[in-house]
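What follows is a short report on a single structure.
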Amino acid sequence: LERGTDESPTKFVTRLFAAAIARAFPQLEWPDPAVMRCANDKFGDYQCNAPMSIFKALKGAAKSPRAVGEAIVASIPANQFVASTSVAPAGFVNTVLRSEILSAFAVSVARSGAVPAPPLSAFGGKRQVLVDFSSPNVAKEMHVGHLRSTIIGDTVCRVLEYCGHEVRRVNHLGDWGTQFGMLITHLETAYPDFTENPPNITDLTTFYKDAKKRFDADPEFKDKSRARVVTLQAGDPRSLEIWRLLCDLSRKEFDKVYERLDVALNEYGESYYNDMIPGTIEELERKGLVSDENGAACIHLPNHGFPLIVRKSDGGYGYDSTDAAAVRHRLIDLGCDWLVYITDVGQQEHFHMVFEMARAAGWTRDDVRLRHVGFGVVQGLDGKRFRTRSSETTRLVDLLDEAVVRMEASLVDRVKDGKCSLSDDKVKEAAAVVGYGAVKYFDLHQHPATNYKFSYDKMLSTSGNTAVYLLYSHARLASIIRKSGLDVPTLVVQDLVHHPKERQLAFELSLFVDVVEAVANDYLPNRLCDYLYRLSTKFTDFVTDCKVLGDPRQSERLVLCEATGVVMRQAFTLLGIKYLMQI
Ligand code: ARG
């Protein structure tokens, strides 16, 4: 059996065992050889876990799981890949790859300075992806939930872009809806000369709260506000002007966060879909999906206790209407075949209903993927929903700045202790890179669905699974290479893989491509973080046991360091984290 040029080692070994099982037990049409990395490095690189379940499926026709394992081994097709196999008493087949294979992979990474991405064929070709993320609301606070969406969404986009897909990064800004009647009316009365003398609404949240207070307390204000939504939606120029002003003010605040986080987004706010709503509802009606309930246009979907309301009884459009028009636009007009929405888990049912509606309306082909990635709540150390300490509103910019300030203090201490030799202005630069990286990584390294407690101490810790630890360990690697004074990618080398720690590191490097493919399929960036952490610990084990500089195997070991650096930097980049060559 030959390995395909862009086939990952894991996929090839999987195919190899599938072929062996098919030969040994043709009667079973066994679906999955269950190949994974060995639980313990001692036994080999991969293990095939299928023998036990095959033994059961054979219902007494085989002597033991071990006999099944042996039959499989006897049927492995001739190949250039596997050095040896051994069958465990429970039947697993442990497999050791030829070290030349691992060595050649690391050498090619070091030489080219790039790691191969999974082939597009792994996804059934190049996809038109749209990721709907971040999506804060105008005049409301951009809270930590939006921060999570922004960070997770950016990584998902980076991974899909790296795989070669066409990716649209969409900010579904909450810039439309009934709250604008109230906001416009409040602005006009509280700041009558706003055109000549634009108000300095630095804290839009307070503005929003004041407006809401008036709305709840003053019936006349309430009526005016309601009438104003209608005027706005009918396109009244003055209302639109004020609406634009409010959006601009919010946008400025949001952009500060995006700039600090280095996240690119294209704004297609809710207002963008406004004109598409009537046509969308008509189409849904024509397809028999809409029922009238006391004047409201509703879409009932099986297994949901409530409908999507695409038109309210007063004729107004809401969140559901916009999402109906948006999903249709994305699938039909833009021709996207993968849609990914990233919001808190609380909105999961809403999106599942939107997806079911889209399928029922016939807007999807079978291979179209519609996914919602729901994330948990960020809590303070007290376990309550997270708030920054300065005010009751969460200023995300402050939160990010705080991480940088704390990181700077810790770097200054390191300089004092002689642990690091950065100059003053380099300390500032490094603090920003590590501080922002730490906030992002702290979020990304947990499974999105979990709630987590926001802790500066944990995220800025120099040990454990943190960005700080990883960035330091990368800088250490870079310093070994620098100290050699050699142009490492061009060194002439023999087999890189002799020592067990060399082998474990090289094997780990070869698994990167599988991890990227998994993240591109399930949108769980924590997999990539786990990988990076594991790689980093394998690197530490390697340099602890294997002397690099001055050793007879210096060239080989430097190349292994270089390959590790390339993979680490690629992983950082996919996580939206900058790295340093020196800390
Ligand atoms: N603005 C919403 C919020 O803050 C998120 C929007 C998500 N995207 C969408 N297409 N509904 O919760």
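Exposure proxy for Ile309, Ile299: other Cβ atoms within 10 Å of each Cβ, ordered fewest to most, give Ile309, Ile299. Annotation: amide H of Val377 within the under-5 Å range of Asn451, Tyr452, sequence separation 5 or more or interchain, hydrogens built in the peptide plane.
Size of the dipole of the range 9-97 about the Cα centre, Lys and Arg at +1 and Asp and Glu at -1 on the beta carbon, nothing else charged, in debye to 20? Display every interim value, and only then the final one.
Numbers: 9 positive and 5 negative charges, 29 e Å.
Using Cβ point charges on Lys, Arg, Asp and Glu, the range 9-97 gives about 140 debye.
Considering all C-alpha pairs of the range 9-97, those separated by over 20 Å amount to 24%.
Hey, what does the equivalent ellipsoid look like for the chain, semi-axes from the Cα gyration tensor as sqrt of 5 times each eigenvalue, largest first, whole Å? Mind showing how you got there, number by number?
Numbers: eigenvalues 508, 229, 67 Å².
Computed over the chain, the values are 50, 34, 18 Å.
The convex hull defined by the C-alpha atoms of the range 257-372 has an orientation-averaged projected area of 8.4 nm². Highest mean first, the peptides 23-31, 467-475 sorted by other C-beta atoms within 10 Å per residue fall in the order 467-475, 23-31. Among beta bridges from DSSP that stay inside the chain, the antiparallel ones total about 45%. Shown in residue order for the range 105-120 are the 3J(HN,Hα) couplings computed by the Karplus curve 6.51 cos²θ - 1.76 cosθ + 1.60 at θ = phi - 60°: 5, 4, 4, 5, 5, 5, 5, 7, x, 9, 9, x, 8, x, x, 4 Hz (x for Gly and Pro).
For the range 464-510, take the convex hull of the Cα atoms, compute a quarter of its surface area, and give me that in nm², please. Intermediate results must be reported in sequence, preceding the final value.
Working: hull surface 18.0 nm².
Projected over every direction and averaged, the Cα hull of the range 464-510 covers 4.5 nm².
In whole angstrom, note down how far apart the Cα centers of the range 85-134 and the range 1-50 are. If we compute the Cα centre of each part, the gap is 13 Å.
In this structure, Asp551 and Lys453 have a Cβ-Cβ separation that, at R0 = 41 Å, corresponds to a calculated FRET efficiency of about 0.40. Remark on Arg168: its backbone amide H falls under 5 Å from those of Val129, Leu130, Val131, a criterion applied only to residues 5 or more positions apart or on other chains, H modelled at 1.01 Å from N.
Against the empirical 2.2 N^0.38 Å (N residues), the range 164-309 has a Cα radius of gyration ratio of 1.27. In this structure the amide hydrogen of Arg385, modeled in the peptide plane, comes within under 5 Å of the amide hydrogens of Gly380, none closer than 5 places in sequence on its chain.
Mean projected area of the convex hull spanned by the Cα atoms of the range 396-574, taken over all viewing directions: 11.6 nm². Rounded to the nearest 5, the antiparallel percentage of DSSP beta bridges internal to the range 74-175 is 45%. By the helix-only formula, in which each DSSP H run with n ≥ 4 contributes -39500 (n - 2.57) and the sum is divided by residues, the chain has a 222 nm mean residue ellipticity of -16500 deg cm²/dmol.
Rounded if a/c is under 1.5, else prolate if a/b is larger than b/c, else oblate: which is the range 201-254, with a ≥ b ≥ c the root eigenvalues of its Cα gyration tensor?
On the way: a/c = 3.35, a/b = 1.12, b/c = 2.99.
Oblate shape, in that a/c is at least 1.5 and b/c is the bigger or equal ratio.
Exposure proxy for Thr462, Thr10, Thr490: other Cβ atoms within 10 Å of each Cβ, ordered fewest to most, give Thr490, Thr462, Thr10. Taking 30 Å as the limit for the C-alpha separation, the pairs Lys42/Lys419; Lys458/Lys547; Lys453/Lys483; Lys419/Lys538; Lys213/Lys312; Lys384/Lys426 exceed it in the case of Lys42/Lys419; Lys458/Lys547; Lys453/Lys483; Lys384/Lys426. Taking the charge dipole of the range 18-120 about its Cα centre, with +1 at Lys and Arg Cβ atoms and -1 at Asp and Glu Cβ atoms, the residue from Ala110, Val82, Ala50 reaching farthest to the positive side is Ala50. The string of couplings for the range 161-169 from the Karplus curve (6.51, -1.76, 1.60, θ = phi - 60°) is 5, 4, 6, x, 7, 7, 10, 9, 9 Hz, one whole number per residue in order, with x for Gly and Pro.
If you keep only loop residues by DSSP, which trypsin sites (Lys or Arg not before Pro) in the range 491-573 have at most 10 other Cβ atoms within 10 Å of their Cβ? Intermediate results must be reported in sequence, preceding the final value.
Values: sites: Lys501, Arg503, Arg527, Arg534, Lys538, Lys547, Arg553, Arg557, Arg569; in loops: Lys547, Arg553.
Within the range 491-573, no trypsin sites (Lys or Arg not before Pro) qualify (loop, at most 10 other Cβ atoms within 10 Å).
Its Cα centre serving as origin, the chain has a Cβ charge dipole (Lys and Arg +1, Asp and Glu -1) of approximately 1860 debye.
All of the numbers you see were taken from the coordinates with simple rules; none came from a lab. Just so you know, these numbers come straight off a predicted model, no measurement behind them. So basically every Cβ, Gly included, is an ideal-geometry build from the backbone, and we count neighbours across all protein chains shown.
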